[in-house]
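To keep things clear, I will list the structure first and then write my remarks on it.
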Amino acid sequence: SFYIRARVTGEFNPTVSNPWQSVFAIKRNGTVVGAAPQPGSVPCGVHMPAITYYADDANSTTENSFFDMWDSPATLSAVTYQLCIICSDNGTYYINRCVNASTTGGYERGTSSITVMEIGA
């Protein structure tokens, strides 16, 4: 089994009109794992981004998420994990910064990470 912990910081592009309909997920070898069951066509993943400003502000206010999960692939082969975002709108999510990458005050920068620990039996 693998314990996976992810932390992500970034900001949605202004073309994403519904960032609250986005979810972060983990992919194992390119396939989403651990997501909630999908009723209809809603985006399903592991955790939603914390939307930090309620109005249009694709300029200087980052969103973030921190979550963990377990995965038990039925294989002894090497696996690759990736953090991904599933969004109902097409658009860009600027990782580790806000859309406006200004170096003046008020434009946050952060870091993102994914940690995978194998827990042996």
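The values are calculated or read from the model by the stated rules, or taken from the named source; none is laboratory data. Keep in mind that what you see is a predicted model, and the values were worked out from it rather than measured. As a convention, Cβ positions derive from the backbone with ideal geometry for all residues, glycine included, and neighbour counts pool all protein chains shown. Just the protein is used for accessible areas: all its heavy atoms, side chains included, with ligands, DNA and RNA removed. Shrake-Rupley method; radii C 1.70, N 1.55, O 1.52, S 1.80 Å.
How big is D for segment 63-121, in µm² s⁻¹ as a whole number, if Stokes-Einstein is applied with the Kirkwood radius of its Cα pairs at 25 °C and 0.890 mPa s?
The Stokes-Einstein estimate is 163 µm²/s.
Are there chymotrypsin sites (Phe, Trp or Tyr not before Pro) in segment 23-55 that DSSP puts in a loop and that have at most 10 other Cβ atoms within 10 Å, and which ones?
Values: sites: Phe24, Tyr53, Tyr54; in loops: Tyr53, Tyr54.
Filter output for segment 23-55: Tyr54.
Which translational diffusion coefficient, to the nearest whole µm²/s, is obtained for the chain from the Stokes-Einstein equation, given a Kirkwood hydrodynamic radius over C-alpha pairs, 4 °C and 1.567 mPa s?
For the chosen part, D equals 84 µm²/s.
In Å², and per residue, what accessible area does segment 38-121 have when probed at 1.4 Å with the other protein chains present? Don't skip to the answer; put the middle values down first.
On the way: 5550 Å² over 84 residues.
Roughly 66 Å² per residue, with all protein chains present.
In Å and on Cα atoms, what radius of gyration and Dmax does segment 17-87 show?
14.3, 47
Can you send over the carbon and sulfur percentage of the accessible area for the chain, probe radius 1.4 Å, protein chains only? Each step should come with its number before you reach the end.
Numbers: 3660 of 7200 Å².
On the chain, the fraction of accessible area on carbon and sulfur atoms equals 51 percent.
Please compute, over every Cα-Cα pair in segment 12-52, the percentage with a separation greater than 12 angstrom.
Details: 525 of 820 pairs.
That tail contains 64 percent of the Cα-Cα pairs.
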